[in-house]
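Contents: one structure, followed by commentary.
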Amino acid sequence: MNIQQTEPIDENELQLLGAMSVDELPVYKAFAGEELPQDTAKAKMFDIVEALKTVFDPEIPINIYDLGLIYKINQKDNGDLHIDMTLTAPGCPVAGILPQQVADAAAGVDGVGKVEVEIVWEPAWSFDRLSEDARMMLEMI
């Protein structure tokens, strides 16, 4: 990134920029589920996504999937899942509980084994990640 500075940065701005460093962002992980018996059919991705759509951000009446908070769902051959998700902001008040709600929802799907949900901060969430349904809902609010 190429940033050009036009005015000197004061001490308060330096402290704020330092507080925003990637090293300082909180780490959140949540776990649910258990190993599936061998030869159990793994869940369909559609069913996993539908389960994730039952989890809502309590401050915005839109599910976390349509909000664009789910970045990646990796499904292993044994049915285990690793989900990368983000939050709308690092200081989100539900940061400690939302990942567990996502893990529990995914683990409740038949054919899902162990679930790990990890909060990631890159790329940062933006309104561009909203689904069309979420955009329409926000227009109605």
Practice problem: Return the pairs, sorted by first residue and then second, in which the second residue is surrounded by fewer than 18 Cβ atoms within 10 Å (Cβ to Cβ), the first residue lies in the stretch 110-137 and is assigned to a helix (DSSP H, G or I), the beta carbons are less than 8 Å apart, and the residues are 6+ apart or on different chains. | Solution: MET137/PRO61
Exercise. Identify all residues within the stretch 41-78 that are modelled with pLDDT of 95 or more, in a loop (DSSP other than H, G, I, E, B), of a type outside the set (D, E, K, R) and over 15 Å from the mean Cα position of the chain (by Cα); write none if there are none.
Key: ALA41, ALA43, ASN78
Quiz item: Quick one: how many residues across the stretch 52-77 are over 16 Å from CYS92 (Cβ atoms) and without any contact (Cβ under 8 Å) to a residue 60 or more places away in the chain?
Solution: 9
Quiz item: Identify, please: which residue in the stretch 103-124 is buried (at least 19 other Cβ atoms within 10 Å of the Cβ) and farther than 15 Å from ASP80 by Cβ and is, among those, modelled with the highest pLDDT?
Solution: ALA105
Quiz prompt | Matching residues in the stretch 105-115 - criterion: being over 11 Å from GLU34 (Cα atoms) and either touching a Phe, Trp or Tyr at 6+ places or on another chain (Cβ under 7 Å) or of a type in the set (D, E, K, R) (or both) | solution = ASP110
Quiz item: Which of the residues that make up the stretch 79-102 are of a type in the set (D, E, K, R) and either part of a loop (DSSP other than H, G, I, E, B) or at pLDDT below 95 (or both)?
Solution: ASP80
Quiz item: Of the residues that sit in the stretch 19-40 and are among the β-branched types (Val, Ile, Thr) and exposed (fewer than 10 other Cβ atoms within 10 Å of the Cβ), which one is modelled with the highest pLDDT?
Solution: VAL27
Quiz item: Scanning the stretch 125-141 for residues that are modelled with pLDDT of 90 or more and either crowded, with 17+ Cβ neighbours inside 10 Å or in contact with a helix residue (DSSP H, G or I) (Cβ under 8 Å, 6 or more places away or on another chain) (or both), which turns out nearest to GLU24 (Cα to Cα)?
Solution: TRP125
Quiz prompt | Residue tally, condition over 15 Å from ALA103 (Cα atoms) and among the basic types (Lys, Arg), over the stretch 63-77 | solution = 1
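The values are calculated or read from the model by the stated rules, or taken from the named source; none is laboratory data. Just so it is clear, the model here is predicted, and its values are computed rather than measured. So basically every Cβ, Gly included, is an ideal-geometry build from the backbone, and we count neighbours across all protein chains shown.
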